1. Output the number of the condition that residue 118 fails; it satisfies all remaining conditions of (1) surrounded by 14 or more Cβ atoms within 10 Å (Cβ to Cβ); (2) in contact with a strand residue (DSSP E or B) (Cβ under 9 Å, 6 or more places away or on another chain).
2. Show the residue pairs meeting these rules: Cβ distance below 6 Å; 6+ apart or different chains; first residue within region 10-31 and closer than 30 Å to residue 122 by Cβ and of a type outside the set (Asp, Glu); second residue open to solvent by 90 Å² or more (accessible area, probe 1.4 Å) and assigned to a loop (DSSP other than H, G, I, E, B).
3. Residue by residue through region 143-166, note down the ones that are surrounded by fewer than 14 Cβ atoms within 10 Å (Cβ to Cβ) and either on the phi > 0 side of the Ramachandran plot or β-branched (Val, Ile, Thr) (or both).
4. Which one of these does residue 121 not meet: (1) under 20 Å from residue 47 (Cα atoms); (2) under 16 Å from the mean Cα position of the chain (by Cα)?
5. When the residues of region 1-45 are filtered to those that are closer than 24 Å to residue 87 by Cβ and at pLDDT 80 or above, which remaining residue is surrounded by the fewest Cβ atoms within 10 Å (Cβ to Cβ)?
6. Which of the numbered conditions does residue 61 fail, given that it passes all the others? Conditions: (1) over 26 Å from residue 156 (Cα atoms); (2) not in a loop (DSSP other than H, G, I, E, B).
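The values are calculated or read from the model by the stated rules, or taken from the named source; none is laboratory data. Small disclaimer: the values here were computed from a predicted structure and weren't measured. Ideal geometry is used to build each Cβ from the backbone, glycine not excepted, and the neighbour counts take in all protein chains shown. These area figures cover heavy atoms from the full protein model, side chains too; ligands, DNA and RNA do not enter into them. Shrake-Rupley method; radii C 1.70, N 1.55, O 1.52, S 1.80 Å.
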Amino acid sequence: MVGLNGPRKLQEPAFNRFNRRQPYRLELPGVTRAATRQLFLFVDQSGSMTDNEVQNILGQIVQLLKQYRDKITIIPFDAVVYDDRQQSVAHGNQVVFQRVAGGGTAYQPIFDWLLRKGANDGNALVLILTDGHGEDVVDTHGLTNLIWGLTTTKADLSVKKPIGRVTVIRERK
């Protein structure tokens with residue numbers, strides 16, 4: 001998936017690991033790295049998305065998990081966010097290939113949900129995987145750490161002046 005380099009990693013001391021530079025000094029802690037941002041993937045499951053498009057997106061998520069190595073939260077949406085159907089996965093074999101919704105498309109519920117969860121640019125990276133057919137204007141509540149992944153072309157995104165980056169998801173061969 002183009003445009004995702006992964007969130008920054010924060011170094012934390014770990015006393016259950018050896019210090020790589022001075023492994024014989026047991027009083028010196030080793031280091032672990034933890035993600036500073038949580039990755040939220042919102043998968044469009046509206047009626048305008050074909051089953052093949054949804055399967056392609058979920059297949060791309062499996063490929064992303066091979067490179068990313070941190071937990072990803074996958075949340076289906078159409079006109080509402082289905083947070084009761086969210087998946088928190090760390091490996092590609094954990095992704096459930098299941099269609100959840102099928103109504104119209106609205107992006108504003110995503111940003112309202114993220115606001116309720118306390119997501120901001122410092123602690124969240126948001127990917128919205130969609131065909132781009134939704135409303136014209138959204139209030140991101142200040143969130144700019146955002147990637148719009150489209151199954152169509154960039155011109156098909158209905159949001160005028162989108163915040164964040166817009167990219168096209170290529171179909172897997």
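1. Status for residue 118: all satisfied but (1).
2. If the second residue must be open to solvent by 90 Å² or more (accessible area, probe 1.4 Å) and assigned to a loop (DSSP other than H, G, I, E, B), the pairs left are 29/15; 30/17; 30/18.
3. Answer for region 143-166, where residues must be surrounded by fewer than 14 Cβ atoms within 10 Å (Cβ to Cβ) and either on the phi > 0 side of the Ramachandran plot or β-branched (Val, Ile, Thr) (or both): 144, 153, 161.
4. (1)
5. Ranking the candidates gives 38 first.
6. (1)
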